[in-house]
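A.B. asks: Quick one: structure below, then a few questions.
The values are calculated or read from the model by the stated rules, or taken from the named source; none is laboratory data. Computed from a predicted model, the values in this text were never measured in an experiment. Don't worry about glycine lacking a Cβ; one is built from the backbone with ideal geometry, like all the others, and counts go over all protein chains shown. Ligands, DNA and RNA are stripped out before the accessible areas are found, and what is left, the full protein with its side chains, is counted by its heavy atoms. Shrake-Rupley method; radii C 1.70, N 1.55, O 1.52, S 1.80 Å.
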2 protein chains.
Amino acid sequence: MKTIFIVLFSILISLPSFAQDRTNDLMPVPQSLKTTGTRCRILKDFTIGVTGNPGNRVFKEATRSLRRLDNRVGLFFKQGFLTIKDNNTSANLLIEVKRPAELKLYENESYRLFSNAQQVKITAETDLGAIRGLETLQQLLSVDNEGYYFPGVEISDAPRFSWRGMMIDITLHWMPMDVIERTLDCMASVKMNVLHLHLTEDQMFGIESKVFPRLHEVGSDGNYYTQEDIRRIIAFADQRGIRVVPEFDIPGHCTSWLKAYPELASVKRDYELQRYFGVFDPTLDVTKDYTYEFLDKLFTEMTHLFPDEYFHIGGDENTGKDWAANPDIKAYMDKKGMKTYCELETEFMQRLLPIITKNGKKMMGWDEIFRPGVPHDIMIESWRGEKSLVQAAQQGYTGILSAGYYIDLIQPTDYHYLVDPIPANTVLTPEQQKFIVGGEATMWTEHTSIETVDSRMWPRSAAIAERFWSAQSVRNVDDMYRRLDQISLLLEGLGSTHIRNKGVLMRRLANSYDTKALEVLVDVIEPLKVYARNEKGKMYNVFSPYTKIADAATPDQKVAREFRKNVSNYCSTKNAAIGKDITEHLQLWKNNHAGFMQLVKKSPILNEAVGLSENLAKISETGLKAMGYLKNHSTPPAAWKAASLNITKKAKEQGGRCDLQVVTAIEELVNAASK
Amino acid sequence: MKTIFIVLFSILISLPSFAQDRTNDLMPVPQSLKTTGTRCRILKDFTIGVTGNPGNRVFKEATRSLRRLDNRVGLFFKQGFLTIKDNNTSANLLIEVKRPAELKLYENESYRLFSNAQQVKITAETDLGAIRGLETLQQLLSVDNEGYYFPGVEISDAPRFSWRGMMIDITLHWMPMDVIERTLDCMASVKMNVLHLHLTEDQMFGIESKVFPRLHEVGSDGNYYTQEDIRRIIAFADQRGIRVVPEFDIPGHCTSWLKAYPELASVKRDYELQRYFGVFDPTLDVTKDYTYEFLDKLFTEMTHLFPDEYFHIGGDENTGKDWAANPDIKAYMDKKGMKTYCELETEFMQRLLPIITKNGKKMMGWDEIFRPGVPHDIMIESWRGEKSLVQAAQQGYTGILSAGYYIDLIQPTDYHYLVDPIPANTVLTPEQQKFIVGGEATMWTEHTSIETVDSRMWPRSAAIAERFWSAQSVRNVDDMYRRLDQISLLLEGLGSTHIRNKGVLMRRLANSYDTKALEVLVDVIEPLKVYARNEKGKMYNVFSPYTKIADAATPDQKVAREFRKNVSNYCSTKNAAIGKDITEHLQLWKNNHAGFMQLVKKSPILNEAVGLSENLAKISETGLKAMGYLKNHSTPPAAWKAASLNITKKAKEQGGRCDLQVVTAIEELVNAASK
């Protein structure tokens, strides 16, 4: 009994201490931060003042910031909706802004945040800078015995890259307005500043066109953003200092266009919306003048709808097959002396460019558009690898990196975190480096529903946001994970469903409230990574159920990650407390299988995970034996190692499109015990 | 050790058994249901066929139903989007519809659902009936050792009342589109069929007017439904067989109108949007012709936007003070010989009526509009009590009941459940009863945020929906609660956040993932009921934090409810197993206080709940002593009872605008022990 109390007590004192200072918890890490030791108390009479030449953005964001703060401290602040009259220079939080920003690439987003016992002061050249400072302040909210406070700091901060984007694909699965709005709130909180909307695909034309209404009427199942929706998204993003870049993906990925306007197609076919995922042949006929007249009208409409200076035309994954299949196109290419479809694609880009530029926009595309002969005034988004980005920069093309930031592929946060648009060992000269202006996390939604999309985006994207904002040298993975746990809760508070919806999916899966056995299993599995989940590319389509165990499972499972780390530590240190923790986990997992089998009987949808649960029990039993040998310094029987590694090998098999995340750790234990 | 295993085993076998037949779990209970004992298996090749003369509604709803089913069984059904081609009469589910319905009061919503081992068949006069049948089918999904099935039934069903409404107020706190859409999904699942939108208030004019744009531009903080939004809501509701009735609340509750168009006001004032809640004096000047010209233009616009035959003009809570304060209005009344403001209000209704009727609508209002002299062709919504509804029916006025269904007031489900629009002991004749056409749950949003609104609506409203649909005799409270637990999960699956957001609020409150001590407390508290929460009516305003413990707490807390029931049982039966359960809860609550105090240090927002937690510990200690006396059949010392009741009396004090829900149960134990 006494031991239990001691254990409990040590758990209690290991909780964050009563002076819970958040200075070291910021994400992204600022460029420069000094602590001064003071504490600026947050009391019921807390107010914000704004001076200088601020735009409307600051008042709206200051109001939102005030409410967010009050929602966390619960003090019933008196100040309501901030206006230009709220210019009290001795307010608890004073914001000084020199000018409203233009929302465009390279705009000044720097700010200084200074706090002492009396006041927090945010000063910035532009309102964008002030907004970034307000987000830093939200993260600084600290607690001690006397209550809430802002710690004394001197922060001087500015982004490393000017393009810090999140691409969201709303076509492979429809994502309604509320998903976009909460994504924007979360992006703003980690200082991302570009929302790239992937609006059209083989599966759907996801935006209203008044010029060619069949595009959204015939080219969708009824889900699309109206132009009013788009204006609302843009205004919502603008307030948060976020640009909105639309993508109309051509000349491939356009089945939905061709269903609506078959006269644009390279091949005559009965076009229906594509229900599966992948790369398909339907392609615009880029040899017809009609196609350019169509694109001219459509893009003139759309460039007027989207104020941003960049306009993304996709350009990826054209198979060239439909061009090859059309004798007229073949003849056109022969006449022009074109040997490959790539040459025709380059000509297409050249003919498309004036349509974009005459509307005052710069053309942007995936890295397929980077071909000999393309004009320099474009933006290249590197998705196939960092190589194309480097080559582009060397040749004086502006570009951003998305390769390495494909968050839909369920890779761990540290993998994305350590990818750098300009790594320390870059071959680029400082002048060339300037052509690389940032990067984008890309959220493709093949295997994502409205319920799961947030858990695929957050919290991992916060670490990517830090990569784009903070200094190159900020690369400590352990420290990133420590801070990520806290940011994760802030993101949830802003509306992200990445934590809460896990419970929803599990309660549905469990066909009952009692999800315990399922939780234990889901804590140590992850959906199959990269492109393995969709078996042969044909297992899933747009109306498949995304409500199964692979959907409840999330990337970068913390329990599994920490277990692996503990095992590594234990194998080198033999630390008894860590050993105890490992043993307790192994016992939990070993004993979980019986409960899980009870649950499966009530909920057959979980049948597909029985193998996972059984394997988890078996490897845990193996792990417990290994721990026994290690603790007793005894030698296992001769055949034990091979037999054990057979068990772990089998446990690497997938189940329910997931795999166990603790197998290698148990192999490590087996190997250590067999030494 | 043995005892523990026995306890565990008994918990396991008390879980739903392996043949988890849902026939008895339906909510609302159908008018007639027979079970036939067959099981219709749901396999991968499950399909739906539709025959007869169905409208588009059935295809869309059948498709949605198919996806919902697949999301629960996870079988990857092949059938995608249903069309008129899906008319296979041997499909696993066959839907036969005679005609598309008109979406209006008294329309036929009846259906029959027949299932045997081969097929489920839903037959209905109208597509509305078919849709109601599809919802019943969703609730019938059952599980046995072989997998999923629909149990064999013969159901014949139709609603008791034709008006089964949910009013949602989007003005006291703004409720965006996604709240409305998930509310409609939940309403449909329990067969509610009217969404009443309370669109205008002192605090906000929540809908776009193209005729008088200052109404939404100046009369709101930027949150309002555009007309496109409204059309989207109507289409979304129509697909689910739900009517949409708009409310424009006049002549009182109109500060937002007067800020935008002060010329409508009875009193000259600097009108600003009202930030507090309650009843205020600003009132339309109903003596000016201009007011009627204005209303004519506005309501002509709005009646064209909303297709429903009913148009709600509010009419509640006019204080009459602003009319009294205006000498011109006084003179007008004198001239017409009007003694009270009620007479002027009656005249207003009479002058308003032709504006509504000439646009093809029927006027509807709160029960204030039921005054001598008002024409018969109106709909009265009784909110002040059942009396006005009875009187109206006696005088031949059509009406619905909302008194007793104010779900914002945090009353327990059984309270609402037992209120009946036509109770068994009604004084009305059968002919008079026909004038009462149903009722509405009303969700006022004073003390509700986007995060908490669902937990105020669901699952309690499902029991109200049953009251409106099922037979008068369906009144077993225990059985209602049993079924409500299951419906609650179905509602969550449809998007309601009533379960998931509790975790969000608690994690924010706890300032961390570790919410255990908070959970234990929140399980036994509820927000102060009826109008007690808002101290003196002035504690809260529209921008107050609704993120505190009273917001995490939900109505009708199950743990507390079951504890109270157990205590009652125990006091009469002295059943040892129940006694053990009671003792375990008391111990948990007694020991929780230390952990809660640790949490409060990390999260001062919880300070306001320290008294609750301390009182819970104290009364639990008292309860444990009482249990000791009861178990040992021993007599407590003379002074013990009085001292104990002092402790429980003190524990009735509020904390954080909540009160403990187990105090009376512990008093019951004290009294029983002192006998």
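A.B. asks: Inspect all residues belonging to segment A:534-552 and state whether any of them is in contact with a Phe, Trp or Tyr (Cβ under 9 Å, 6 or more places away or on another chain) and away from chain B (no Cβ under 13 Å). Don't jump to the end; show me each part of the working.
C.D. replies: Here is the first cut: in segment A:534-552, the ones in contact with a Phe, Trp or Tyr (Cβ under 9 Å, 6 or more places away or on another chain) are A:534, A:537-546.
Among the residues that remain, those that are also away from chain B (no Cβ under 13 Å) are: A:537.
Yes, segment A:534-552 has at least one match.
A.B. asks: Could you tell me how many of the residues in segment A:334-346 are free of Cβ contacts under 8 Å to residues at least 24 places away in the same chain and either surrounded by 15 or more Cβ atoms within 10 Å (Cβ to Cβ) or not basic (Lys, Arg) (or both)?
C.D. replies: 6
A.B. asks: Condition (residue is part of a loop (DSSP other than H, G, I, E, B), basic (Lys, Arg), at pLDDT 95 or above and more than 28 Å from A:ILE84 (Cβ to Cβ)) applied to segment A:158-165: is it met by at least one residue?
C.D. replies: Kept after step one, since they are part of a loop (DSSP other than H, G, I, E, B), are these residues of segment A:158-165: A:158-162.
With basic (Lys, Arg) added as a condition, the list becomes A:160.
Adding the requirement that they be at pLDDT 95 or above leaves A:160.
Still in the running and more than 28 Å from A:ILE84 (Cβ to Cβ): A:160.
Yes, segment A:158-165 contains a residue that is part of a loop (DSSP other than H, G, I, E, B), basic (Lys, Arg), at pLDDT 95 or above and more than 28 Å from A:ILE84 (Cβ to Cβ).
A.B. asks: For segment B:239-274, which positions are assigned to a helix (DSSP H, G or I), buried (at least 18 other Cβ atoms within 10 Å of the Cβ) and either away from every other protein chain (no Cβ under 14 Å) or in contact with a strand residue (DSSP E or B) (Cβ under 8 Å, 6 or more places away or on another chain) (or both)? Spell out how you get there, then give the answer.
C.D. replies: First, the residues of segment B:239-274 that are assigned to a helix (DSSP H, G or I): B:239, B:255-260, B:262-264.
With buried (at least 18 other Cβ atoms within 10 Å of the Cβ) added as a condition, the list becomes B:239, B:255-260, B:264.
Scanning segment B:239-274 gives B:THR255, B:SER256, B:TRP257, B:LEU258, B:ALA260, B:LEU264.
A.B. asks: Out of everything in segment B:189-221 that is surrounded by 24 or more Cβ atoms within 10 Å (Cβ to Cβ), touching a Lys or Arg at 6+ places or on another chain (Cβ under 6 Å) and touching a residue at least 60 places away in the same chain (Cβ under 8 Å), what residue ends up being farthest from B:PHE543 (Cα to Cα)?
C.D. replies: By that ranking, first place goes to B:LYS191.
A.B. asks: Looking at segment A:606-639 only, could you name the residues that are buried (at least 17 other Cβ atoms within 10 Å of the Cβ) and of a type in the set (Val, Ile, Thr)?
C.D. replies: A:ILE619, A:THR622, listed by residue number.
A.B. asks: Which of the residues that make up segment A:197-232 are under 30 Å from A:ALA130 (Cα atoms) and more than 13 Å from chain B (Cβ to nearest Cβ)?
C.D. replies: A:LEU197, A:HIS198
A.B. asks: Would you pick out the residues in segment B:45-63 that are more than 10 Å from every other protein chain (Cβ to nearest Cβ), open to solvent by 40 Å² or more (accessible area, probe 1.4 Å) and either modelled with pLDDT under 95 or under 21 Å from A:SER220 (Cβ atoms) (or both)? Break it down stepwise before answering.
C.D. replies: Let us first name the residues in segment B:45-63 that are more than 10 Å from every other protein chain (Cβ to nearest Cβ), namely B:45-59, B:61-62.
Adding the requirement that they be open to solvent by 40 Å² or more (accessible area, probe 1.4 Å) leaves B:45, B:47, B:52-53, B:56.
Across segment B:45-63, the qualifying residue is only B:ASN56.
A.B. asks: Here's a follow-up. Mind checking which pairs have a first residue in segment B:496-522 that is more than 9 Å from chain A (Cβ to nearest Cβ) and a second that is open to solvent by less than 10 Å² (accessible area, probe 1.4 Å) and of a type in the set (D, E, K, R), Cβ under 8 Å, 6 or more apart or different chains?
C.D. replies: B:SER496/B:ASP454; B:HIS498/B:ASP454; B:HIS498/B:GLU492; B:LEU505/B:ASP551; B:ALA510/B:LYS602
A.B. asks: Regarding segment B:68-75, can at least one residue be identified that is small (Gly, Ala, Ser) and part of a helix (DSSP H, G or I)? First the steps, then the outcome.
C.D. replies: Looking only at segment B:68-75, we keep the residues that are small (Gly, Ala, Ser), and these are B:74.
Now narrow it down to the ones that are part of a helix (DSSP H, G or I): none.
No, segment B:68-75 contains no residue that is small (Gly, Ala, Ser) and part of a helix (DSSP H, G or I).
A.B. asks: Within segment A:367-390, can you find the residues that are among the basic types (Lys, Arg) and part of a helix (DSSP H, G or I)?
C.D. replies: Just the residues of segment A:367-390 that are among the basic types (Lys, Arg), to begin with: A:371, A:384, A:387.
Passing the criteria: only A:LYS387.
A.B. asks: Then there is this: Given the structure, is A:ARG160 over 30 Å from A:TYR271 (Cβ atoms) and either touching a strand residue (DSSP E or B) at 6+ places or on another chain (Cβ under 7 Å) or open to solvent by less than 10 Å² (accessible area, probe 1.4 Å) (or both)? Spell out the reasoning first.
C.D. replies: Details: over 30 Å from A:TYR271 (Cβ atoms): yes; either touching a strand residue (DSSP E or B) at 6+ places or on another chain (Cβ under 7 Å) or open to solvent by less than 10 Å² (accessible area, probe 1.4 Å) (or both): no.
The answer is no for A:ARG160.
A.B. asks: Could you list, in sequence order, the residues of segment B:275-303 that are over 18 Å from B:THR171 (Cβ atoms), free of Cβ contacts under 8 Å to residues at least 60 places away in the same chain and either of a type in the set (Lys, Arg) or part of a loop (DSSP other than H, G, I, E, B) (or both)?
C.D. replies: The answer is B:ASP285, B:THR287, B:LYS288.
A.B. asks: Turning to a different aspect of this structure: Wholly within segment A:407-476, which helices (runs of 4 or more DSSP H) include no fewer than the required count, namely at least 3 residues that are open to solvent by 30 Å² or more (accessible area, probe 1.4 Å)? Steps first, answer last, please.
C.D. replies: Values: elements: A:413-418, A:430-433, A:453-457, A:460-469.
Fully inside segment A:407-476 and qualifying: A:413-418, A:430-433.
A.B. asks: Here's a follow-up. All but one of (1) touching a strand residue (DSSP E or B) at 6+ places or on another chain (Cβ under 8 Å); (2) at pLDDT 95 or above hold for B:GLY537; which doesn't?
C.D. replies: All conditions are met except number (2).
A.B. asks: With (1) more than 25 Å from B:LEU69 (Cβ to Cβ); (2) out of contact with any strand residue (DSSP E or B) (no Cβ under 9 Å at 6 or more places or on another chain) as the list, and A:VAL504 as the residue in question, which single condition is left unmet?
C.D. replies: All conditions pass for A:VAL504, except number (1).
Here's the yes/no breakdown for (1) at positive phi; (2) touching a residue at least 60 places away in the same chain (Cβ under 8 Å); (3) crowded, with 17+ Cβ neighbours inside 10 Å:
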{"site": "A:THR547", "(1), (2), (3)": "no, yes, yes"}
{"site": "A:ASP551", "(1), (2), (3)": "no, yes, yes"}
{"site": "A:VAL567", "(1), (2), (3)": "no, yes, yes"}
{"site": "A:GLY579", "(1), (2), (3)": "no, no, yes"}
{"site": "A:LEU588", "(1), (2), (3)": "no, yes, no"}
{"site": "A:MET597", "(1), (2), (3)": "no, no, no"}
{"site": "A:PRO604", "(1), (2), (3)": "no, no, yes"}
{"site": "A:ILE647", "(1), (2), (3)": "no, no, yes"}
{"site": "A:THR664", "(1), (2), (3)": "no, yes, no"}
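A.B. asks: Take the residues in segment A:65-86 that are within 20 Å of A:SER189 (Cβ to Cβ) and polar (S, T, N, Q), then tell me which one is farthest from the other protein chains (Cβ to nearest Cβ).
C.D. replies: The qualifying residue farthest from the other protein chains (Cβ to nearest Cβ) is A:SER65.
A.B. asks: To continue, here is another question. In segment B:106-124, which residue that is among the charged types (D, E, K, R) and closer than 20 Å to B:VAL194 by Cβ is surrounded by the fewest Cβ atoms within 10 Å (Cβ to Cβ)? Walk me through how you get there before you give the answer.
C.D. replies: Residues of segment B:106-124 among the charged types (D, E, K, R): B:107, B:109, B:112, B:121.
This time we only want the ones that are closer than 20 Å to B:VAL194 by Cβ, so: B:107, B:109.
Details: B:GLU107: 16, B:GLU109: 25.
Looking at the filtered set, the residue picked out is B:GLU107.
A.B. asks: Quick check on this structure: which one of A:LYS85, A:LYS98, A:LYS121, A:LYS78 is outside any helix (DSSP H, G or I), touching a strand residue (DSSP E or B) at 6+ places or on another chain (Cβ under 8 Å) and without any contact (Cβ under 8 Å) to a residue 40 or more places away in the chain? Walk me through how you get there before you give the answer.
C.D. replies: On the way: A:LYS85 fails: touching a strand residue (DSSP E or B) at 6+ places or on another chain (Cβ under 8 Å); A:LYS98 fails: without any contact (Cβ under 8 Å) to a residue 40 or more places away in the chain; A:LYS78 fails: touching a strand residue (DSSP E or B) at 6+ places or on another chain (Cβ under 8 Å).
When all the criteria are applied, what remains is A:LYS121.
A.B. asks: Exactly one of (1) in contact with a helix residue (DSSP H, G or I) (Cβ under 8 Å, 6 or more places away or on another chain); (2) surrounded by 18 or more Cβ atoms within 10 Å (Cβ to Cβ) is unmet by A:ASP377. Its number?
C.D. replies: (2)
A.B. asks: Counting just the residues of segment A:521-576 that are out of contact with any Cys (no Cβ under 6 Å at 6 or more places or on another chain) and of a type in the set (Gly, Ala, Ser), which one comes out farthest from A:LYS502 (Cα to Cα)?
C.D. replies: Among them, the one singled out is A:SER572.
A.B. asks: Between a residue in segment B:413-425 that is more than 16 Å from B:TRP163 (Cα to Cα) and any residue that is at pLDDT below 95, which pairs come within a Cβ distance under 9 Å, given they are 6 or more apart or on different chains?
C.D. replies: Correct list of pairs: B:PRO423/B:GLU386.
A.B. asks: Let me ask something else. Need the failing condition index for B:SER496 against (1) open to solvent by less than 10 Å² (accessible area, probe 1.4 Å); (2) in contact with a His (Cβ under 9 Å, 6 or more places away or on another chain), just the number.
C.D. replies: Condition not satisfied by B:SER496: (2).
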